[in-house]
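No lab work stands behind these numbers, since they all come straight from the coordinates. On a predicted model such as this, the values are computed, not experimentally measured, just so you know. FYI the Cβ positions are ideal-geometry reconstructions off the backbone, even for glycines, and counts take in every protein chain you see.
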Ligand SMILES: *Cc1c(COP(=O)(O)O)cnc(C)c1O
């Protein structure tokens, strides 16, 4: 667009990919109180504030037990180890995920078996998982990527038939649900990350495993506390490690949790607005029937993705790519890779994450959607 000489363009708002500051502002007072409680208690790792958050998170997810750990990757590793999964075992993981899904498997001593995803949802399905199941397969990790929810009924049925444990990587799906049940509560264990940028984020690293299995929860807690049985200080009954949630993070999470549903509603509304506003050159991911996503990312698919990103950056719009290189193409994971995972590989070149956070304004959404359509159309004209 050429502007007449002297005409100033209407100032378009700069749009960041996310905005943690506004979320912090929402809970300012609760955070001040939390900080006072932590300093007064002098229990900085574990203790009452951690127990309180664990109870709150258990209630939110609808599970009997929650074990706070140091981060989401540890949650995956410790859940697998507590299930007795390790050397010699294979764990099926989607190649279209953050690297930590596979990292947790390798940290547990097991072997990741990467599988492809559905072209519509970009999530693993029972049909992409089934061919990877062999005599050594012990578990499948399902990932609620972007906050979307895989077709859990099919996957749970397949797991029952084949005797696999279903572990959920719910690190991007705080508050998402499948037929009314919270993601994380559907398999034997649900793994969460509270990294600051997640939909429920601490002021540092944090994570949790949710489960209905009391014995499993106990083993996870022991593994993350130097192998100590509950209440023991001098006995190390398991070959453990250190992976615990600290009180400050727990207090921050307790302060933020009451706003999670409201923030998720705002994220859903923003995604709905994007879907309404974006033209046909911008494809979105499909939502399975029965899934109730609490969107963490709004991922669209466009041709010439990197040029589109540049075009948006020139208009002050930050974007992300989740993820540009599929897990099975990352150097340390190539030895676990099957020949081709065509859907994941094709998607990696097209996916683009648009700004998404609870305080995104209608004006910002309009600006992003309009700019995206403009950029996509311009690039299309250049090609055609
Ligand atoms: C963030 C994330 C993790 C790992 O969480 P950390 O707390 O960073 O270790 C695992 N899986 C997925 C899908 C994630 O997005």
For this session: Just need the relative contact order of the stretch 71-153 here, percent rounded to a whole number, with Cα pairs under 8 Å and 6+ apart.
Result: 31
For this session: First measure r as the distance between the Cβ atoms of residue 106 and residue 161, then evaluate 1/(1 + (r/R0)^6) with R0 = 35 Å and state the FRET efficiency to the nearest 0.05.
Result: 0.85
For this session: Kindly give Rg over Rh for the stretch 133-265, based on alpha-carbon atoms, with the Kirkwood expression for the hydrodynamic radius.
Result: 1.00
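Per residue of the chain, what 222 nm ellipticity follows from adding -39500 (n - 2.57) for every DSSP H run with n ≥ 4, rounded to the nearest 500?
Details: 12 runs with 149 residues, N = 384.
Rounded to the nearest 500, the figure is -12000 deg cm²/dmol.
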Exercise. Just the C-alpha atoms of the stretch 279-384: what Rg/Rh do they give, with Rh taken as the Kirkwood radius?
Worked result: 1.01
Seminar exercise, completed: By the Cα gyration tensor axes a ≥ b ≥ c (a/c under 1.5 gives rounded; else a/b larger than b/c gives prolate, otherwise oblate), the shape of the stretch 252-339 is oblate
Exercise. Using a ≥ b ≥ c from the Cα gyration tensor of the stretch 103-166 (square roots of the eigenvalues), is it rounded, prolate or oblate, where a/c under 1.5 gives rounded and otherwise the larger of a/b and b/c decides, a/b for prolate?
Worked result: oblate
For this session: Subtract the Cα-Cα distance of residue 236 and residue 374 from 0.36 nm times their separation in residues, and report this length gain in nm to one decimal.
Result: 43.5 nm
Exercise. Shape call for the stretch 293-342 from the C-alpha gyration tensor, a ≥ b ≥ c root eigenvalues: rounded (a/c under 1.5), prolate (a/b greater than b/c) or oblate?
Worked result: prolate
Problem set entry | Cα convex hull of the stretch 18-131, projected area averaged across orientations, nm² | 10.2
Seminar exercise, completed: A correct Stokes-Einstein calculation for the stretch 55-94, using the alpha-carbon Kirkwood radius, 4 °C and 1.567 mPa s, returns a whole-number D in µm² s⁻¹ of 110
For this session: Would you mind calculating the relative contact order of the chain from Cα pairs under 8 angstrom and at least 6 residues apart, reporting the percent as a whole number?
Result: 22
Exercise. For the chain, what is the Kirkwood hydrodynamic radius in Å, using each pair of distinct C-alpha atoms?
Worked result: 21.7
Problem set entry | Peptides ranked, highest mean first, by Cβ atoms within 10 Å: ranges 295-301, 76-82, 125-131 | 76-82, 295-301, 125-131
Exercise. Given labels modelled 7 Å from the Cα in the Cβ direction, how far is it in nm from residue 64 to residue 127?
Worked result: 3.7
Seminar exercise, completed: Each label sits 7 Å from Cα toward the beta-carbon; between residue 314 and residue 45 the label points are separated, in nm, by 5.2
